[in-house]
There are 2 protein chains.
Amino acid sequence: MRYKDETKEQAIREKAITMIVESGLDGLSMQRLAKAANVSPATLYIYFQDRDDLIVQLSVEENRRMMIATLENFDPDMSFAEGLRIQWLNRARFCLENPIASLFMEQIRHSPYHQRASELVGSEFHQTLGLFVRNNIARNELVSLPFEVYWSVAFSPLYQLVKFHVQGRSFPNRPAFQLTEPVILQALELVLKALKP
Amino acid sequence: MRYKDETKEQAIREKAITMIVESGLDGLSMQRLAKAANVSPATLYIYFQDRDDLIVQLSVEENRRMMIATLENFDPDMSFAEGLRIQWLNRARFCLENPIASLFMEQIRHSPYHQRASELVGSEFHQTLGLFVRNNIARNELVSLPFEVYWSVAFSPLYQLVKFHVQGRSFPNRPAFQLTEPVILQALELVLKALKP
DNA sequence: CATAAATAAACAAACGTTCATTTATTCGCG
DNA sequence: CGCGAATAAATGAACGTTTGTTTATTTATG
């Protein structure tokens, strides 16, 4: 019998993400994707149930990669400043090294696919972060807050900076924005100041 | 001669936004939109050049409404704390009163339409905010920062909280999140602490 | 030779858009 | 005031494409 050609599946995944980043979710057509990945349209349906399944699978996989990268060398027992620093630098590094994956995830995160995909993602990520937060509140290294308030202050500035970077610009009539490590650390300082008791 | 029926255009705009929010940008089909707005498909092309033009025009208009609401009673000569408070409360109020418009803008902002639309938006908004920032740095009420760092710390936590609210939930397995005024003010306090010298 | 991957060709349905026609409204004229 | 001429809004039906997906067939490999 004949085995699946894994390079084909990889080509499909990559081209699909590129198409979505370049022309939006409605720019992803199965026939154009097949052409771009050098396979027959029917081949797509060997690897994915249908168009929706393809998009959801891509989201889950890219999300997983991002989470693993974000938690590299991270430990929920770390001090708050150290733990947040590691997460910020990990996440920024991943996004800067994978700008297309990063733009793809941004697009999914604000589409109707986000909910369906996030239900299929493992809960370890959130459990680890939840433990980290509780540890630090108990140790009085972090003010006690509703989880959503904590999350929005602790992470959304980073995500916004990353978005500015991968988009190449922040606002019209502004010069191109480059997210460098000193800039990341400068923003992180502000966030730590906000969240430390 | 016969004049345009403005209720028709309004119906088209509203239904289009609803469709995009409910089923994504690729869920907006001109024929289904015509049916939903009770007009002929051809009528859409009296008010809009084509599908792209429709989406861009919707973005520009909703963006304008949002900006006007955000700057109500705002003055660039205000103290930093007072000015930021007004903007936060204005923006939150608008989004909570217009959740569909808010979800629509979130979706546009992370799609390829965002750049094209933001180039068509007046620059007064950004000029006013730029003045506000410079005033407060000069008065030593605000630390001096790259504009993108300032922006991401000052506003993205609010946008994230609003998103949690209009989505109805923040993360899987978390109870529904309601953005109330005390929560907004709690987050605002943290951000002010971060940005004050 | 068995088996499953991979394909080319085709399907109906839906897509964005246009065209020939009808409908409603304003306006100059009697 | 009343009425046809003028004009643009509004339409239903149709255009050729492209859509997502399937089917019958071929290809490669254990």
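The values are calculated or read from the model by the stated rules, or taken from the named source; none is laboratory data. Keep in mind that this is a model prediction, so the values were computed, not measured. As a convention, Cβ positions derive from the backbone with ideal geometry for all residues, glycine included, and neighbour counts pool all protein chains shown. Note: areas computed on protein heavy atoms with side chains; ligands, DNA, RNA excluded. Shrake-Rupley method; radii C 1.70, N 1.55, O 1.52, S 1.80 Å.
Provide a whole-number value for the mean count of partner chain Cβ atoms within 10 Å of the Cβ atoms in peptide B:141-152.
Values: counts 0, 0, 3, 0, 4, 7, 6, 15, 12, 3, 6, 14.
Mean partner shielding for this stretch: 6.
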- Copies compared at residue B:73 - label distances in nm, ascending, label defined 7 Å from Cα in the Cβ direction: 4.9
- Within 10 Å of each Cβ in B:159-172, the average number of Cβ atoms from other chains: 4
- Could you give, in nm with one decimal, how far residue B:22 is from each other copy of that position, shortest first, with labels 7 Å out from Cα toward Cβ? 3.3
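Could you state how much accessible area is buried at the A-B interface, both sides summed, with a 1.4 Å probe, in Å² to the nearest 100? Can you show the working numbers first?
Values: alone 11460 and 11490 Å², together 18970 Å².
The A and B chains share an interface burying roughly 4000 Å².
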- Expressed in angstrom and ordered largest first, the alpha-carbon extents of the range B:59-195 along the principal axes are 44, 35, 26
- Helix-only [θ] at 222 nm, chain A, -39500 (n - 2.57) per DSSP H run of 4+, per residue, nearest 500, equals -22500 deg cm²/dmol
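Which pairs in the list A:8/A:163; A:196/B:163; A:163/B:196 are over 28 Å apart, alpha-carbon to alpha-carbon?
Working: A:8/A:163 30 Å; A:196/B:163 25 Å; A:163/B:196 25 Å.
Among A:8/A:163; A:196/B:163; A:163/B:196, the Cα-Cα distance tops 28 Å for A:8/A:163.
Accessible area per residue for chain B in Å², computed with a 1.4 Å probe and the full protein assembly in place, what is it? Spell out each step's value before the answer.
Details: 9500 Å² over 197 residues.
Using a 1.4 Å probe on heavy atoms only, each residue of chain B averages 48 Å².
Quick check: at a probe of 1.4 Å, how many percent of the accessible area of the range B:9-99 sits on carbon and sulfur atoms?
On the way: 1990 of 4200 Å².
Summing carbon and sulfur atoms, their accessible area is 48 percent of the total for the range B:9-99.
Over the whole of B:105-112, what's the average partner chain Cβ count within 10 Å per residue? Rounded to a whole number, please. Provide the component values of the computation, followed by the final result.
On the way: counts 1, 3, 5, 1, 3, 11, 9, 10.
Other-chain Cβ atoms within 10 Å of each residue's Cβ, averaged: 5.
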- Query: Anyone know which of A:22, A:106, A:148 comes out most mobile in the 10 Å Cα GNM of chain A?
  - Reply: A:148
- Query: Using the Karplus equation 6.51 cos²θ - 1.76 cosθ + 1.60 (θ = phi - 60°), what ³J(HN,Hα) coupling, rounded to whole Hz, does each residue of the range A:46-63 give in order, writing x for Gly and Pro?
  - Reply: 7, 8, 9, 4, 7, 4, 4, 4, 4, 5, 5, 4, 4, 4, 4, 5, 5, 4
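Determine, from the Cβ-Cβ distance of residue A:134 and residue B:174 and an R0 of 25 Å, the FRET efficiency 1/(1 + (r/R0)^6), rounded to the nearest 0.05. Could the numbers behind the result be given before it?
Values: r = 15 Å, r/R0 = 0.59.
Calculated value: 0.95.
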- Task: With springs connecting C-alpha atoms under 10 Å apart, model chain B as a Gaussian network and identify which of B:57, B:186, B:178 has the largest mean-square fluctuation.
- Result: B:186
- Note on the structure: So, in nm and shortest first, the distances from residue B:100 to its counterparts in the other copies, with label points 7 Å along Cα→Cβ, work out as 3.7
- Based on Cβ point charges of +1 for Lys and Arg and -1 for Asp and Glu, what charge dipole magnitude is obtained for the range B:1-126 about its Cα centre, in debye rounded to the nearest 20? 440 debye
- Query: Using a Gaussian network for chain B with springs between C-alpha atoms less than 10 Å apart, which of these wobbles most: B:135, B:63, B:73?
  - Reply: B:73
- Query: So which aspartates and glutamates can residue B:35 reach, going by Cα to Cα under 20 Å and dropping same-chain residues fewer than 8 places off?
  - Reply: B:5, B:6, B:9, B:14, B:22, B:26, B:50, B:52, B:53
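Give me D for the protein assembly as shown in µm² s⁻¹, whole number, from Stokes-Einstein with Rh from the Kirkwood sum over alpha-carbon pairs, 37 °C and 0.692 mPa s. Each step should come with its number before you reach the end.
Working: Rh = 22.7 Å.
Estimated via Stokes-Einstein, D reaches 145 µm²/s.
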- Task: Using only the alpha carbons, work out the radius of gyration and Dmax of the range A:133-191 in angstrom.
- Result: 14.6, 46
- Using the Karplus equation 6.51 cos²θ - 1.76 cosθ + 1.60 (θ = phi - 60°), what ³J(HN,Hα) coupling, rounded to whole Hz, does each residue of the range B:102-115 give in order, writing x for Gly and Pro? 5, 5, 4, 4, 4, 5, 5, 4, 10, 10, x, 6, 4, 4
